[in-house]
Amino acid sequence: MAVRKIATTETRLSKEDWEGAALDAMAESGLAGVAVEPLARRLGVTKGSFYWHFADREALLAAALAHWEKGYTDDVIGGVEGVRDPRERLARLVGRVLGGGQSDRIHIALANATHPLVRETLARVTRRRLEYLESCYVGLGQSRREAERSALLAYAVYVGLVHLRLEAPGEIPARDELSAFVDRLLGGGDVTPSSEATPRADASGRRRSTPRPR
């Protein structure tokens, strides 16, 4: 017969409170910071509150990673999906993720972890982000191959900035320079639809095709 749980002051914390605390600890101390007793002390409760919501640390870790994936990827993408112009959509996306903060420290903590669930989650999130970036560059008129390269470059810049903000924050562009930085990342101007050849005029004035540089 199932035993019905009775709510007490120890269970008033929500599952999301524990997930948020786990992410805070991860940002401060890496994956090792996600431990039941220290988190309970941080939240001002006993371990009983934890076991109301989670079976063990692994369950908390899985929930915290899902929380991070939704908040820092799904919700970010959802926040720009309504922008119809692909260039403006990409500019807003890039501008938002360049903001830094706790997301940087969590990213570093996850990148340094060897836990199988963390590696799986990080790989899935990275692929999701790259695929969305590719779709934005395709919307700008790039071929699928070019868009894949542009997305990889943009994401590499993002990952580099994550490290740079923590290692040499003085090198990060100031807020008033950020728009120019984003514009350069987007190509520094309008993107011409891709083709395998770009027509040019020869000496006779006739159009000829010259392969585009790769």
Which GluC sites (Glu not before Pro) from the stretch 5-84 combine a DSSP loop assignment with at most 14 other Cβ atoms within 10 Å? Glu81
Averaging sequence separations of C-alpha pairs under 8 Å and six or more residues apart, then dividing by the length of the stretch 9-190, give the relative contact order as a whole percent. 21 percent
For Asp56 and Leu117, calculate 0.36 nm times their separation in residues minus their Cα-Cα distance, and state this gained length in nm to one decimal. 20.5 nm
Listing Leu93, Leu152 from the residue with the fewest other Cβ atoms within 10 Å to the one with the most, what is the order? Leu152, Leu93
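Any read-out appearing in this document is the output of simple, stated calculations on the displayed coordinates, not a laboratory observation. Remember, it's a predicted structure, so these values are computed and weren't measured experimentally. Please note: Cβ atoms are built from the backbone with ideal geometry, for glycine as well, and neighbour counts cover all protein chains shown.
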